[in-house]
1. Is it the case, given these coordinates, that Asn78 is touching a residue at least 60 places away in the same chain (Cβ under 8 Å) and closer than 30 Å to Asp20 by Cβ?
2. Quick one: is Val73 modelled with pLDDT of 90 or more and touching a strand residue (DSSP E or B) at 6+ places or on another chain (Cβ under 6 Å)?
3. Residue pairs, Cβ under 9 Å, 6 or more apart or interchain, first in the range 194-206 and part of a helix (DSSP H, G or I), second surrounded by 18 or more Cβ atoms within 10 Å (Cβ to Cβ) and hydroxyl-bearing (Ser, Thr, Tyr). List them.
4. Please go through the range 49-62 and pick out each residue that is surrounded by fewer than 18 Cβ atoms within 10 Å (Cβ to Cβ) and either under 10 Å from Met1 (Cβ atoms) or modelled with pLDDT of 90 or more (or both).
5. Output the residues belonging to the range 36-48 that are assigned to a loop (DSSP other than H, G, I, E, B) and modelled with pLDDT of 90 or more.
6. Among Thr97, Thr134, which is the only one that is among the β-branched types (Val, Ile, Thr), surrounded by 14 or more Cβ atoms within 10 Å (Cβ to Cβ) and in contact with a Phe, Trp or Tyr (Cβ under 7 Å, 6 or more places away or on another chain)?
7. Residues that are modelled with pLDDT of 95 or more and β-branched (Val, Ile, Thr): which strands (runs of 3 or more DSSP E) entirely in the range 76-141 hold 2 or more of them?
8. Among the residues of the range 147-165 satisfying the criterion of being surrounded by 13 or more Cβ atoms within 10 Å (Cβ to Cβ) and part of a loop (DSSP other than H, G, I, E, B), which is modelled with the highest pLDDT?
Amino acid sequence: MTSSIQPFTLPVQDSGLLVDLLRAAFAAESVASSFQYMPPLRLVREFELGRIDIYTSAKPNSGQPGVLSHWPVTTFGNQAITLKAKFPRLDGIEAMTKLRVVTFQNAKRFLGPEFAAMAAANKDYIEVAGHLPTAMLSLDRADVIVSQPDIFRFWLLHDKARRDKQAVLNDFAFHDLFNASNKYWFAFRSEALRDQFERGIKEIYQNGQAEAIIDRYAVDYGSSRDFLIELDCRFKKVRPANCQAATP
């Protein structure tokens, strides 16, 4: 599992939203699972060498080995995040050109040509390796942080008391400026393993286990369901309104 996408993976606790869902799905099929956490490039290599059985960031037609899931499993979408008191709204990506923007490494490669043009024209644009320093907004060291919102909320809230979490979140505005989102398939060592996962994930949605896991992360870390839109649209008992975003 990728080691740097909290709360989806929490390596120190050997848990995380995605880890807990995977563990429960395989347990439903009476399959024991264990998890390894490492940087993305090493994960690719370990899967190619046959040292791990599932790669969770696969894409069709990428040339990677293995058997793909029948549908994408996870969805990553980024947003521009500001303090409400300073920037309650942003009028598009170009509006960030004169603001102090902090984002993840290689963001200008992934967020489209308009974002790349803004980054090139912005003398205060910074890309950061590892997790983004969310405190930069409150400390007035940045005007905008571009991040996957659930990851931002994790680093913002993970050391806060539960009673304070909503009050902290109310200080921030989340601007959905990027049309594209990244969908990821799972690649499996065999068809049998893929089928066990797909049966298991369906079962834990039907028996309520998935809902309990997702709800726990929403309470603890303010996680949304956007990351799981593909699974929700296939297996949630009440189909979400935004299922047009999911791949048929």
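The values are calculated or read from the model by the stated rules, or taken from the named source; none is laboratory data. Computed from a predicted model, the values in this text were never measured in an experiment. Cβ coordinates were reconstructed from backbone atoms using ideal geometry, including for glycine residues, and neighbour counts include every protein chain displayed. Note: accessible area is taken over every heavy atom of the protein model, side chains too, but ligands, DNA and RNA are not part of it. Shrake-Rupley method; radii C 1.70, N 1.55, O 1.52, S 1.80 Å.
1. yes
2. Yes, satisfied.
3. Qualifying pairs under 9 Å: Arg194/Ser69; Phe197/Ser69; Glu198/Ser69.
4. Leu49, Gly50, Arg51, Asp53, Lys59, Pro60 - these are the residues of the range 49-62 that are surrounded by fewer than 18 Cβ atoms within 10 Å (Cβ to Cβ) and either under 10 Å from Met1 (Cβ atoms) or modelled with pLDDT of 90 or more (or both).
5. Gln36, Tyr37 - these are the residues of the range 36-48 that are assigned to a loop (DSSP other than H, G, I, E, B) and modelled with pLDDT of 90 or more.
6. Values: Thr97 fails: in contact with a Phe, Trp or Tyr (Cβ under 7 Å, 6 or more places away or on another chain).
Only one candidate passes the filter, namely Thr134.
7. Working: elements: 79-83, 101-104, 125-128.
In the range 76-141, 79-83, 101-104 are the strands (runs of 3 or more DSSP E) which contain 2 or more residues that are modelled with pLDDT of 95 or more and β-branched (Val, Ile, Thr).
8. Among those residues, the one meeting the criterion is Gln148.
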